[in-house]
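Every number here is computed from the coordinates shown, using simple stated rules; none is lab data. Quick caveat: nothing in here was measured; it's all calculated off a predicted structure. Reconstructed Cβ throughout: ideal geometry from the backbone, glycine too, with neighbour counts over all protein chains shown.
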Amino acid sequence: MDLSLNEEQTMIQDMARKFSDTELAPIADAMDQNIDRNLFLVNLKKLAELGFMGLNIDSTYGGTEAGSIAFSLAITEIARGCASTAVTTSVTNMVAEVIQSVGNETQKSKYLPKLCSGEYAAGSFCLTEASAGSDPSAMKATATKEGSDWVLNGTKLFITSAEYAGIFVVWALTDKTLAKGKGISCFLVEANTPGINIGKAEKKMGQHASATNEVNFDNCRIPGSALLGELNKGYRVAVGELAGGRIGVGSMALGIALAAMDFAKSYIKERQQFGQAIADFQGIQWMLADTYTELEAARLLLMNAADTKEKGLNFGKQASMAKLFSSETANKACYTALQLMGGNGYIQDYPLERHSRDVRITSIYEGSSEIQRVIIAKALLSELN
């Protein structure tokens, strides 16, 4: 098995690392404490101009056409600098991929260039509801046919980038008579459509620079052409796209953890106790060795999931394994890094407390760790049939 990167993947990884080091990392702490939305949007635009908003999108529509492996590499590097920017980049790529996957030619030609170019600052994925989080098939939002139009009603929660997204991919019930999960359809809704109301940004534990909002649809009328994919087949689309999103979240978790551990590694070389650098103590060295070994295992799981997706194979189990292990390992790694720095790790003058807050959500969104275990177990047991 050849684990080396090709020339294009290496170039994208290097470009993302350079942008992260020069543009994102220097302002990440300031953005966390005093959110400058304009500066955040400027960096999103720069990333779009560099090709990072359509990494797996056909060049016909302005995409980079670099593939899923390049996407994972890029998100990891961007997350090293700023987790908030990484999640927005990941979700926007996710929105573009679902449009490319099931959209018709008119939809792809209209919306993908705007996402890839940065004309749309971001895209939003409207699936979660108060009673439909881990179980999206329980959603209550509806889309009712009126003439040739659809009318959306309902509320979506925890929507990344909602307040500056240009396009929303929205799931809603279109046939309540069908079995649970069978009567759900998917729609494309432009941000300026009357009837969309964006709630205030949630006050979150971490990833402060990335907006997370409630989105309410109040008799929001959209044309029949807004239907994305087949009528009543939207749940299958959501499940498929969530698997791809898990590669993004796992990659982001890895990037945050690497940033935390790299900082701590430098710190313990300089920090003196008992007359020597604390890096000279075997206990500290073992913490370092174990954590980097686990992070390397996470990287390999992510590369395997991305490679499986890129080959057009069923990658759901691999994506869940990668997301589960990467997010749990990253949470542990950030706390290990904070522990290595002792009291200084707990102080906001150092980035460890931010990394520890930013990483926590990665084991919750795009399917919690508990849901990933359910998905993995079902996949393993289905192999017996």
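Across region 105-111, rounded Karplus estimates of 3J(HN,Hα) from the backbone phi angles (6.51 cos²θ - 1.76 cosθ + 1.60, θ = phi - 60°) give 4, 4, 5, 5, 5, 7, 9 Hz, Gly and Pro being marked x. Within straight-line reach of Lys18, meaning a Cα separation under 17 Å, sit the following aspartates and glutamates at least 8 residues removed in sequence or on another chain: Glu7, Glu8, Glu49, Glu77, Asp262.
Between the C-alpha center of region 317-385 and that of region 195-252 there is a gap of 22 Å. Within region 230-264, list the residues whose amide N lies under 19 Å from a label point set 7 Å along Cα→Cβ of Tyr346. Residues 264 fall inside that zone.
Since only Gln372, Ser137, Gln207 are under comparison, the one whose Cα sits farthest along the positive direction of the charge dipole of the chain, derived from C-beta charges on Lys, Arg, Asp and Glu, is Ser137.
Taking each of Lys145/Lys200; Lys180/Lys233; Lys323/Lys378; Lys46/Lys156; Lys156/Lys203 in turn, the alpha-carbon distance tops 19 angstrom for Lys145/Lys200; Lys46/Lys156.
Derived scalar couplings between HN and Hα for region 274-283 equal 6, x, 8, 5, 5, 5, 7, 7, 4, x Hz in order, rounded to whole Hz, by the Karplus curve 6.51 cos²θ - 1.76 cosθ + 1.60 (θ = phi - 60°), x for Gly and Pro. Multiplying each eigenvalue of the alpha-carbon gyration tensor of the chain by 5 and taking the square root yields semi-axes of 36, 22, 20 Å, largest first, rounded to whole angstroms. Model label points for Lys203 and Glu7, set 7 angstrom from Cα along the Cα-to-Cβ axis, are 5.3 nm apart. Here the contact order of the chain, divided by its residue count and restricted to Cα pairs under 8 Å and six or more residues apart, works out to 16 percent.
Beyond 20 Å, what percent of the Cα pairs of region 242-382 remain? In whole percent, the long-distance tail amounts to 49. Computed from phi, the 3J(HN,Hα) profile of region 31-37 under the Karplus parametrisation 6.51, -1.76, 1.60 (θ = phi - 60°) reads 5, 5, 8, 9, 5, 10, 4 Hz, with x in place of Gly and Pro. What the Cβ-Cβ distance of Ala297 and Gln339 gives, at R0 = 22 Å and to the nearest 0.05, is a FRET efficiency of 0.60. Per-residue ellipticity at 222 nm from helix content only, as computed over the chain with -39500 (n - 2.57) for each DSSP H run of at least four residues, stands at -17000 deg cm²/dmol. Kirkwood radius for region 7-121, taken over all pairs of different Cα atoms as the inverse mean of 1/r, rounds to 14.0 Å. Here region 124-232 is described by how far its Cα atoms reach on the three principal axes: 41, 29, 21 Å, from widest to narrowest.
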